[in-house]
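Q: Quick one: this structure, given as structure tokens, is what I'll be asking you about.
Derivation of every value follows stated rules applied to the coordinates shown; laboratory data play no part. Since the model is a prediction, treat every value here as computed from it, not as a measurement. Note that we place each Cβ from the backbone using ideal geometry, even for glycine, and neighbour counts take in every protein chain shown.
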There are 4 protein chains.
Amino acid sequence: MIASEASLAPELAISEWFNTPVPLTLSGLRGRPVFLHSFQLLCPGCMAQAIPQVQRIERVFAHTDLQIIGIHTVFEHHAAMSPVTLKAFLHEYRLKSPVGVDRAEEGSDVPVTMQRFRLRGTPSSVLIGRDGTILHQAFGVEDDIAVGARIAMALSASPAQSAAAGDDACADSVCASPMPSVVTP
Amino acid sequence: MIASEASLAPELAISEWFNTPVPLTLSGLRGRPVFLHSFQLLCPGCMAQAIPQVQRIERVFAHTDLQIIGIHTVFEHHAAMSPVTLKAFLHEYRLKSPVGVDRAEEGSDVPVTMQRFRLRGTPSSVLIGRDGTILHQAFGVEDDIAVGARIAMALSASPAQSAAAGDDACADSVCASPMPSVVTP
Amino acid sequence: MIASEASLAPELAISEWFNTPVPLTLSGLRGRPVFLHSFQLLCPGCMAQAIPQVQRIERVFAHTDLQIIGIHTVFEHHAAMSPVTLKAFLHEYRLKSPVGVDRAEEGSDVPVTMQRFRLRGTPSSVLIGRDGTILHQAFGVEDDIAVGARIAMALSASPAQSAAAGDDACADSVCASPMPSVVTP
Amino acid sequence: MIASEASLAPELAISEWFNTPVPLTLSGLRGRPVFLHSFQLLCPGCMAQAIPQVQRIERVFAHTDLQIIGIHTVFEHHAAMSPVTLKAFLHEYRLKSPVGVDRAEEGSDVPVTMQRFRLRGTPSSVLIGRDGTILHQAFGVEDDIAVGARIAMALSASPAQSAAAGDDACADSVCASPMPSVVTP
């Protein structure tokens with residue numbers, strides 16, 4: 001269906017990865033929910049609110065199959081936020097989940113992944129379902145309770161269900177599984 | 001099974017209700033998940049952390065069938081926290097969800113519902129599944145993300161599933177439903 | 001001068017004291033700066049912001065001669081906020097500084113001290129100088145930095161200056177100096 | 001007196017200034033109190049706590065003669081925190097007060113001003129009196145109320161007193177008096 005195709009998340013375009021031994025692709029992650037967060041080092045809201053929230057998500061969903069991915073989507077002050085600075089930042093802030101540098105495009109200040117997802121600025125986040133579709137996209141930092149709820153819903157969809165998204169045949173041992181793996185810090 | 005029976009939530013014992021036209025019982029709420037929060041007016045952690053979290057839960061899950069219930073479990077300073085004070089509190093803090101006064105028991109400082117749930121103090125919370133079993137119980141206030149995730153998981157269990165808890169045949173249209181109704185304030 | 005007389009703090013009218021072996025009067029405290037805070041138990045802003053700020057003031061200025069005084073200025077839900085409840089509150093929140101119950105006036109919901117200071121509501125605070133004049137009065141909770149700065153300025157006025165309270169020359173040098181330049185955002 | 005000389009703040013060593021048309025020196029600022037804050041861009045505590053506090057200080061003391069000065073004291077990840085990144089940071093965070101880049105010293109990771117003040121790390125702050133002496137020095141972020149109080153005390157010392165800095169009689173009355181009684185919890 002056209003409507004379904006429209007909500008499929010576009011692929012990432014990354015020039016350099018940190019915190020992962022191999023490059024990641026959304027197509028390669030099909031079957032797992034993905035929490036994508038877009039940030040810039042010199043964005044006050046990212047440093048004060050979004051990154052701490054990502055760290056809480058890392059902690060609470062550590063034992064689930066949620067894949068958290070950060071995208072450094074620099075669209076201003078490019079010289080000030082180089083991969084060298086990003087690498088030191090990840091070290092100092094102890095962010096554990098993979099972070100990719102959004103690929104610059106010649107002739108544009110806005111990098112490629114940011115364009116593809118039509119992100120309005122930083123911080124932004126995109127929750128992608130097991131079937132690769134965009135479940136939720138937000139500009140700005142949202143309430144922790146709502147974020148936790150949405151991720152849990154994405155986790156509760158069984159891989160079987162995603163493969164046959166829109167199909168009735170789904171979700172047998174759905175709800176029991178991820179519940180015990182959600183831990184309180 | 002004995003194990004299952006053991007985790008069934010005990011019934012509430014309430015001497016007076018606020019914010020509800022009719023008394024509530026957990027057995028009458030079977031089929032809906034219940035977030036039970038136990039508090040006392042003069043408990044600093046309740047006022048500073050638990051009640052604000054309940055208000056966020058009220059907001060985020062407003063359009064779901066989650067039933068939030070507060071229990072005023074006074075186990076000290078009884079004269080200082082009468083129903084008259086509780087009523088004014090609910091008005092001033094604009095708590096919308098039902099609150100019951102835990103029934104006092106002669107010869108004991110600890111009221112009946114608090115005893116039945118073996119609550120260790122205030123604030124405490126109990127998440128009860130659609131099938132009436134206790135999914136999670138906590139003393140103190142937990143991380144918003146984890147709380148949001150657990151409630152979402154409880155919501156994602158279909159009524160059909162609860163009726164046949166422990167049964168494989170379940171949860172067909174599970175995950176699609178509550179997701180859109182989770183709103184960000 | 002009339003203008004100076006106008007800014008002299010009116011006397012307190014208290015029906016019952018807590019946290020002090022003897023009743024306090026502002027005239028008896030002449031020579032010491034006084035931080036007066038007005039609150040009600042069921043006022044959300046008082047519990048969430050003002051009382052915690054008073055506790056920080058208690059801690060930071062513990063070794064100075066600042067006198068902190070709380071006034072329980074109940075102007076609504078009178079039955080819900082009795083002295084019995086206030087006493088238990090002071091115990092549970094470990095507020096150490098003296099608190100007086102603002103004296104009720106027949107035929108008025110607003111108690112006497114609240115009327116005399118023309119407080120607009122709760123929480124409110126009044127900073128009184130060593131000479132008994134009102135240095136600053138606020139409705140709502142102000143920025144910690146500005147509050148700390150104002151109290152320090154009040155403390156820095158020497159008792160000698162206060163000894164000459166009511167004297168024009170003195171009043172000028174005391175209140176005019178750097179105090180007005182400390183602003184709240 | 002030797003004791004007095006020992007507490008005189010050492011001079012700044014700055015390789016590049018931002019937010020000021022002319023280079024600043026502490027000797028040139030004699031007569032005004034100075035709030036010096038040392039930070040690094042990739043220091044989590046600086047970004048989350050110290051810089052927001054500096055912004056509150058900027059706001060509250062805007063109309064006083066307090067001079068706020070930031071020192072970018074990079075002692076690790078030097079390539080990641082270049083002046084280019086610092087400049088973009090100051091723009092994005094709208095920090096208005098002057099910031100100097102602490103001068104690097106060949107053969108040492110620790111820059112010169114940081115060495116002179118014997119700062120233990122970032123964030124650090126130093127409050128300097130009108131007479132050029134160090135009134136208070138701290139590693140880590142302190143309570144807003146105490147910070148506001150200390151700055152107000154420094155402001156309350158009259159320029160006349162500073163003019164006679166180094167004079168025993170003066171130094172006694174200035175720094176000894178109420179300042180030591182303002183404590184940080």
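Q: Please compute, for peptide D:52-58, the average count of beta-carbon atoms on other protein chains lying within 10 Å of each residue's beta-carbon.
A: Whole-number average of other-chain Cβ neighbours for D:52-58 is 2.
Q: Using every alpha carbon pair in the stretch D:1-131, what percent of pairs falls into each 10 Å bin from 0 up to the bin containing the largest distance?
A: Spelled out bin by bin, the stretch D:1-131 gives 12, 46, 34, 7, 0 percent.
Q: List the lysines whose Cα sits under 26 Å from the Cα of residue D:87, skipping any in the same chain fewer than 8 residues away.
A: Straight-line reach from residue D:87, under 26 Å: A:87, D:96.
Q: Okay, moving on. How far is residue C:45 from the same spot in each other copy, in nm, shortest first, if each label point sits 7 Å from Cα toward Cβ?
A: 2.7, 2.9, 3.4
Q: Evaluate peptide C:131-144: per residue, the Cβ atoms of other protein chains within 10 Å of its Cβ; return the mean as an integer.
A: 1
Q: Calculate the length of the line joining the C-alpha centroid of the stretch A:10-76 to that of the stretch C:1-79, in whole Å.
A: After rounding, the separation between the Cα centres reads 50 Å.
Q: Based on the mean of other beta carbon atoms within 10 Å per residue, what is the order of C:46-56, D:7-17, most packed first?
A: So the order, starting with the most tightly packed, is C:46-56, D:7-17.
Q: Additional query: Relative contact order for the stretch D:1-143: what percent, with Cα pairs under 8 Å and sequence separation of 6 or more?
A: So the answer I get is 38 percent.
Q: For residue B:58 and residue C:79, FRET efficiency with R0 = 41 Å and r from the beta-carbon atoms, rounded to 0.05?
A: 0.95
Q: Put +1 on the Cβ of each Lys and Arg and -1 on the Cβ of each Asp and Glu in the stretch C:1-152; which of C:100, C:146, C:83 then has its Cα farthest toward the positive end of the dipole?
A: C:146
Q: Using a label position 7 Å from Cα in the Cα→Cβ direction, what is the ascending list of nm distances from residue B:139 to the same site in the other copies?
A: 3.8, 4.4, 4.8
Q: From the label point of residue C:31, set 7 Å from Cα along Cα→Cβ, how far away are the matching label points in the other copies, in nm, ordered shortest to longest?
A: 3.9, 7.5, 8.2
Q: Considering every residue in C:60-70, what mean count of other chain Cβ atoms within 10 Å of its Cβ is obtained?
A: Across the residues of C:60-70, the mean count of other-chain Cβ atoms within 10 Å is 3.
Q: Going highest first, how would you order C:107-114, D:93-100 by mean Cβ packing within 10 Å?
A: Going from most to least packed, we get D:93-100, C:107-114.
Q: By average Cβ neighbour count within 10 Å, what is the ranking of A:22-34, D:64-76 from highest down?
A: Going from most to least packed, we get D:64-76, A:22-34.
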